[in-house]
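In what follows, a single structure is set out as structure tokens and then discussed.
The values are calculated or read from the model by the stated rules, or taken from the named source; none is laboratory data. All values derive from a computational prediction rather than experimental measurement. Glycine also receives a Cβ, built like all others from the backbone with ideal geometry; neighbour counts cover every protein chain displayed.
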Amino acid sequence: MQVFPIYKKAITIAQMVYGLPSFVLLWLFLVLPCLRRETFKSANYKLIQFDLFMNICCYLNTYIGIRLRNFETTTQFLVFLEETVPNTLTISRFMLLVFFHIQNASLIALSVHRVSSVYSLSSDRFWKHGYIMSFLLCLLLPFGIYAWNFLTNSVPTKISIVDGEIKYNTNQVKLSILADYTMMVATFYFILTLGLGIAALNKLVQRRRKTKSSGKPHGRKMKQMIIVQCVLNSGNLLLLIGVGLAYHIFDYATVLEYQMVLVLFTSDLVTLSMPYLLLKFDFNVRCLFGLKKTTVLRTSSMYSIRTSTNYVIN
């Protein structure tokens with residue numbers, strides 16, 4: 001008989017308290033550029049839209065892959081779903097890894113756009129259509145990485161229904177290999193995220209020193225946005241690196257149990273944070289919601305109007 005620990009229910013409810021309102025905000029900010037096309041027409045907003053859509057898909061998938069199994073009533077729904085559409089739960093569980101790559105690739109695309117906007121005023125010519133290429137790369141990358149697993153049905157955890165209950169069959173060898181691989185990729189993403197963040201901050205500091213415009217509010221907002229995003233994403237990646245190392249030290253079942261709890265919290269920070277970051281740092285969004293008086297951006301030797309708009313954070 002399946003056991004539903006109280007602490008897992010409490011954790012899931014706590015995650016839903018902050019998660020569901022944030023999920024509504026994700027949808028709101030996803031459709032916002034469609035309602036105000038002239039205001040939100042730059043490539044950066046299109047990249048943000050893609051990131052928001054992927055975050056919505058990722059968040060929904062966590063309910064099927066992890067969260068709903070912690071309650072008796074919702075578990076019955078998962079049983080019905082698996083019996084109606086076989087392998088749904090196994091695929092959903094594996095899609096957690098796929099979304100991990102898509103999310104990081106999407107955030108890196110945003111970082112590359114930010115760096116190119118700071119370093120080159122002519123970057124718009126590329127990003128006018130380049131954002132479409134970044135969408136394709138973000139989607140194709142994880143499916144290319146795990147194509148063999150999908151084609152051969154070779155996944156570390158297979159989920160089945162036995163006597164009306166959900167059963168997890170985990171291959172420890174495959175799980176260990178996958179954990180090592182994820183740790184290496186997370187390390188690569190971690191270095192790339194920090195490197196792009198430092199590159200953008202360095203260029204911002206150089207320009208502000210040259211123009212002696214350290215008091216510019218939009219300059220501070222840009223720095224703050226870069227720092228916050230780097231901390232959130234690199235913090236989540238650092239935890240995954242630690243989890244990968246833990247598999248070599250502790251029992252895999254124990255590590256997996258803690259991983260499901262800790263990684264969900266840190267993953268939620270990355271998945272659900274974008275609307276709050278836009279409300280805090282985005283000039284156009286703040287004006288739209290009445291959080292800031294509308295002002296006319298003036299061209300200066302440090303930033304052109306294009307760069308300010310392209311950068312989103314003013």
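Has the range 200-214 got any residue that is in contact (Cβ under 8 Å) with a residue 40 or more places away in the chain and not in a helix (DSSP H, G or I)? Scanning the range 200-214 turns up at least one residue that is in contact (Cβ under 8 Å) with a residue 40 or more places away in the chain and not in a helix (DSSP H, G or I). Quick check: is even one residue across the range 163-175 closer than 21 Å to Ile91 by Cα and among the small types (Gly, Ala, Ser)? Checked the range 163-175: at least one residue is closer than 21 Å to Ile91 by Cα and among the small types (Gly, Ala, Ser). Here Leu139 clears all of (1) of a type in the set (A, V, I, L, M); (2) outside any helix (DSSP H, G or I); (3) under 22 Å from Leu240 (Cα atoms) except the condition numbered (2). Could you grab the pairs with beta carbons closer than 6 Å, sequence gap of 6+ or different chains, first residue in the range 26-44 and within 24 Å of Ser123 (Cα to Cα), second one among the β-branched types (Val, Ile, Thr) and assigned to a helix (DSSP H, G or I)? Here the result reads Ser42/Thr309, each pair linking the range 26-44 to a residue that is among the β-branched types (Val, Ile, Thr) and assigned to a helix (DSSP H, G or I).
Listed conditions (1) of a type in the set (D, E, K, R); (2) under 30 Å from Arg69 (Cα atoms); (3) more than 21 Å from the chain's Cα centre (by Cα) are all met by Arg286, apart from (2).
Scoring Ile227 on the criteria (1) touching a residue at least 24 places away in the same chain (Cβ under 8 Å); (2) over 24 Å from Phe99 (Cβ atoms); (3) not in a helix (DSSP H, G or I) leaves a single failure, condition (3). Residues that are more than 22 Å from Glu83 (Cα to Cα) and modelled with pLDDT of 80 or more within the range 145-174 comprise Asn171, Gln172, Val173, Lys174, listed in sequence order. Residues that are within 30 Å of Lys221 (Cβ to Cβ), surrounded by 14 or more Cβ atoms within 10 Å (Cβ to Cβ) and hydrophobic (A, V, I, L, M, F, W, C) occur at least once in the range 184-191.
Are any residues in the range 153-205 polar (S, T, N, Q) and farther than 27 Å from Asn70 by Cα, and if so, which ones? Thr187, Thr193, Asn202 - these are the residues of the range 153-205 that are polar (S, T, N, Q) and farther than 27 Å from Asn70 by Cα. All told, Ile48 meets the bar of being crowded, with 20+ Cβ neighbours inside 10 Å and closer than 23 Å to Ser22 by Cα. When Asn149, Asn169 are checked against the criterion of being part of a helix (DSSP H, G or I) and either free of Cβ contacts under 8 Å to residues at least 12 places away in the same chain or surrounded by fewer than 18 Cβ atoms within 10 Å (Cβ to Cβ) (or both), a single residue qualifies: Asn149. Of the residues in the range 87-95, at least one is assigned to a helix (DSSP H, G or I), out of contact with any strand residue (DSSP E or B) (no Cβ under 9 Å at 6 or more places or on another chain), under 22 Å from Asp51 (Cβ atoms) and touching a residue at least 24 places away in the same chain (Cβ under 8 Å). Each residue in the range 36-77 was checked for being over 29 Å from Pro142 (Cα atoms) and in contact with a Cys (Cβ under 9 Å, 6 or more places away or on another chain), and 1 pass.
Can you say whether Ile102 is modelled with pLDDT of 90 or more, touching a helix residue (DSSP H, G or I) at 6+ places or on another chain (Cβ under 6 Å), among the β-branched types (Val, Ile, Thr) and not in a helix (DSSP H, G or I), as far as the supplied structure shows?
Numbers: modelled with pLDDT of 90 or more: yes; touching a helix residue (DSSP H, G or I) at 6+ places or on another chain (Cβ under 6 Å): yes; among the β-branched types (Val, Ile, Thr): yes; not in a helix (DSSP H, G or I): no.
The answer is no for Ile102.
In the range 152-166, what residues are in contact with a helix residue (DSSP H, G or I) (Cβ under 7 Å, 6 or more places away or on another chain) and in a strand (DSSP E or B)? Across the range 152-166, the qualifying residues are Thr157, Lys158, Ile159, Ile161, Ile166. For residues in the range 51-75 being under 19 Å from Leu110 (Cα atoms) and of a type outside the set (A, V, I, L, M, F, W, C), which is surrounded by the most Cβ atoms within 10 Å (Cβ to Cβ)? Here the answer is Asn55.
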